[in-house]
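Read through the structure below, which is laid out as structure tokens, and then see the notes.
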Amino acid sequence: MGLLRAVALNTFREAVRDRVFYNLLLFAVLLVGTSLIIGQLAAGQDVKIIKDLGLAASLLFGVGIAVFLGIQLVAREVERRSVHATLAKPVSRPVFLLGKYVGLLLTLGVNITVMAVALFAVLAVYQSVTPAGVQATWTAPALDPRLLIALGLIYVELAVVTGVALLFSTYSSALLSATFTTAIWVAGHFVGDLRTVEQIGASGTTVWVARLVSWVLPNLALFDVKAEVVHGLPVPAGQVVAAVGYGAAYGAAMWLIAVAIFQRRDFK
Amino acid sequence: MTEPVIVVDRLTKDYPVGFWRPRPYRALDALSLEVAPGEVFGCLGPNGAGKSTTLKLLLGLVTPTSGTAHIFGRPVSSVASRERVGFLPENPVFYDYLTGEELLTYFGQLCGLRASEARRRGTALLDRVGLGAERRLAIRRYSKGMVQRLGVAQALVQDPDLVILDEPMSGLDPIGRRDVRALILSLRDEGKTVLFSSHILSDAETLCSRVAILAAGRLQALGSMTDLVQFSVRAWELLLDGVDATLEHRLRETGATMTTLSPGRVQVHLPGTQPPEPLLQWANGAGARVLALQPVRETLEDVFLKHVEGKRRDVPGTTGGA
Ligand SMILES: Nc1ncnc2c1ncn2[C@@H]1O[C@H](COP(=O)(O)OP(=O)(O)OP(=O)(O)O)[C@@H](O)[C@H]1O
Ligand SMILES: [Mg+2]
């Protein structure tokens, strides 16, 4: 437990000392801020635009940071050989990998918190400049606490993406890992479509392959409640719990496969 | 009988080489050796001999193709085998976003120390390797030799009983080398076991109780310095000045070989076990001056060259297997 914490905190420290992390974060916050101006331009429009943009920016930049830092988690250590001194200490490879994973989750937690604060600040400003009469037409209040559910599920999605990045990072170079992880992230949003290919009249093998791929890829649509939250539609608690459980299971599976690969690696 | 600290039994490592059709390349071939507690053991050999491979196998960084290795009775595949071991990798690289002090604290924690304890040990060790003034400096700003010193410090972070150093002198200035030599001797005096690899034979000669000489992945020689190096005199070397033709002829008759350095100044090499005294008398009688007289003994370098020269790796992958 102490070992895990030490590795995780060191990984966190590595991220927060990386200038790129701040640049990405700053850029994301700026984008959320810009949504205020866009909201103003589309005068008379709903507060929905700001929420939409804010959530989308949180996801996009979160994925950016998850991929950028995730692929380096292990690949960089192996390439630069800093892993030699570390793994020569009495720390097992599974604990090392888990510590790295947890450390990055901490970093992403900080990242999503900053994004949430920025989004709520922008919404508060927007609310204060909007006449009460206009506010009455909104389908959901500006400072809707359910935005936190959407942000929470975005965080779980980031955790899954990080798991994928970690897995690739244990045996592939940083560049390849980045490409694969991004591809899987994109594909992960269409998993639902793959599961219904037979409805559009696909043949036997195609259905079979599509099913298989849909089980291997993470079903990221499960984490997407942005539309519901923005439009003030209900989000059932059961759905949220199921999504969190799925995300945790998928992340754990990524870690286990990463361990299986990493255990066999020779460090040159 | 004390238990050996390290037991290596027919340890073999093949690396796959080639992208399309990887073939095994034998980096280490059936190495067997034991290291006893309190020994300073040197692992010597030319480039590519398999020294680093051996040390990495001992730390579990590389998995053996066959054979076994145990440290303190535990198989090297277990995490527990590394509890009492400190390791300095070859050309070490550390997390450059940390300061020296932070690195040692982190590594101390990985060895199971509490943060405060790890920090305390870290500070003491940085002083010990001469980095006390740089302990708050980011490792990114360290020079090569400073990183090497830091590497030595981190190998000692949990006060290990076995210290394994891969080329500890590399990248160090003469003062740094002297410091590391002194450090190895003080570790020995503390009763610790030290295993290090080196190309520098004079270091091995003065530090090691025993050495192994590796070449082309095979153990070529193993033993204490007295076992390996014949300390008896093998020849004499004289330096004479004012040698005339008669004296030169007379010297040559004894079987000595001569090199004329400048007119009248001759270096005489008298092989075998012949006593040099008669030569001194002749030189005296002929009015030549004796500038130097010294015995030629075998050095570790001679032994090393004898064992290493002409040793080639067999065709990759075909060695030992059949
Ligand atoms: N990752 C690898 N893949 C293929 N071959 C390797 C690998 N690592 C080492 N080798 C080969 O194994 C042999 C032994 O290498 P090793 O690094 O153990 O040598 P060394 O004795 O430490 O040499 P040096 O004095 O140069 O450090 C070399 O011939 C090297 O080419
Ligand atoms: Mg080496």
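The values are calculated or read from the model by the stated rules, or taken from the named source; none is laboratory data. Bear in mind the structure is a predicted one, so any value in this text is a computation, not a measurement. With ideal geometry, Cβ positions are generated from the backbone for all residues, glycine too; neighbour counts draw on all protein chains shown. Side chains included, ligands, DNA and RNA excluded: accessible areas come from the protein's heavy atoms. Shrake-Rupley method; radii C 1.70, N 1.55, O 1.52, S 1.80 Å.
Provide the convex hull volume over Cα atoms per residue for chain A, in Å³. It would help to have the intermediate numbers written out before the result.
On the way: hull volume 39.9 nm³, N = 268.
Convex hull volume per residue, Cα atoms: 149 Å³.
Find the relative contact order for chain A and round it to a whole percent, using C-alpha pairs within less than 8 Å whose residues are 6+ positions apart. Mind showing how you got there, number by number?
On the way: 295 pairs, mean separation 71.2, N = 268.
Across chain A, relative contact order equals 27 percent.
Between B:SER209 and B:ARG252, the simple spin-label model (points 7 angstrom out along Cα→Cβ) gives 5.3 nm. Across region B:283-289, computed HN-Hα scalar couplings (Karplus, 6.51 cos²θ - 1.76 cosθ + 1.60, θ = phi - 60°) run 4, 4, x, 8, x, 8, 9 Hz from first to last residue, x flagging Gly and Pro.
Largest GNM mean-square fluctuation across A:VAL230, A:VAL186, A:VAL74, computed for chain A with C-alpha springs under 10 Å, falls on A:VAL186. Once the chain from B:TRP20 to B:HIS269 is taken as fully extended at 0.36 nm per residue, the excess over their C-alpha distance is 84.0 nm.
Measuring between their Cα centroids, region A:197-268 and region B:241-255 lie 93 Å from each other.
For region B:36-56, heavy-atom accessible area (probe 1.4 Å) falls by no less than 40 Å² from the chain alone to the full protein assembly at B:LYS56. Each Cα pair under 8 Å and six or more residues apart adds its separation to the average, and for region A:137-268 the resulting relative contact order is 41 percent. Note that region B:19-83 carries a Kirkwood radius of 13.4 Å, evaluated over its alpha carbons pair by pair. Angle between the Cα long axis of helix B:100-110 and the longest principal axis of chain B, 0 to 90 degrees, nearest 10? Approximately 70 degrees, to the nearest 10. Size of chain B from its Cα atoms: along the principal axes, largest to smallest, the extents are 79, 56, 47 Å. Panel note: the C-alpha atoms of the protein assembly as shown, placed on their principal axes, show extents of 127, 59, 51 Å (largest first). Relative to its residue count, region B:233-297 spans a Cα convex hull of 67 Å³ per residue. Result for chain B in a Gaussian network model with C-alpha springs under 10 Å: among B:LYS144, B:LYS51, B:LYS13, the largest mean-square fluctuation is at B:LYS144.
Residues in the protein assembly as shown average 46 Å² of solvent-accessible surface per residue, probe 1.4 Å, ligands and nucleic acids excluded. A Förster distance of 25 Å, applied to the separation of the beta-carbon atoms of A:ALA183 and A:TRP208, puts the FRET efficiency at 0.70. Rounded to the nearest 100, the interface formed by chains B and A buries 2700 square angstrom of accessible surface, both chains summed, with a 1.4 Å probe. Close amide H partners of B:LEU88, meaning residues 5 or more places away or on another chain with modelled amide H under 5 Å apart, are B:ILE164, B:LEU165, B:ASP166.
In this structure B:GLU309 has an accessible area near 130 Å², from a 1.4 Å probe over the protein heavy atoms. Across region B:146-291, Cα pairs under 8 Å and at least six residues apart give a relative contact order of 17 percent. Per q in 0.16 Å⁻¹, report the Debye log10 I(q)/I(0) for region B:82-206, using one uniform scatterer on each alpha carbon and no solvent. Here log10 of I(q) over I(0) equals -0.71.
How would you classify region A:108-206 from its alpha-carbon gyration tensor, with a ≥ b ≥ c the square roots of the eigenvalues: rounded for a/c under 1.5, else prolate if a/b is greater than b/c, otherwise oblate?
oblate
Given a 1.4 Å probe, show me the residues in region A:73-115 buried by at least 40 Å² of accessible surface when comparing the whole protein assembly to the chain alone. For region A:73-115, once contacts with the other chains are taken into account, A:ARG80, A:ARG81, A:SER82, A:HIS84, A:ALA85, A:THR86, A:ALA88, A:LYS89, A:PRO90 lose 40 Å² or more.
Expressed as a whole percent, the accessible area of the protein assembly as shown that falls on carbon and sulfur atoms is 61 (1.4 Å probe).
Protein chains only, probe 1.4 Å: how do A:ILE71, A:ILE38 rank by accessible area, largest first? Each step should come with its number before you reach the end.
Working: A:ILE71 15, A:ILE38 75 Å².
Of A:ILE71, A:ILE38, the descending order of accessible area is A:ILE38, A:ILE71.
The HN-Hα couplings worked out from phi for region B:52-68 by the Karplus form 6.51 cos²θ - 1.76 cosθ + 1.60 (θ = phi - 60°) are 4, 4, 4, 5, 5, 4, 5, 9, x, 7, 10, 8, x, 6, 7, x, 9 Hz, whole numbers, x standing for Gly and Pro.
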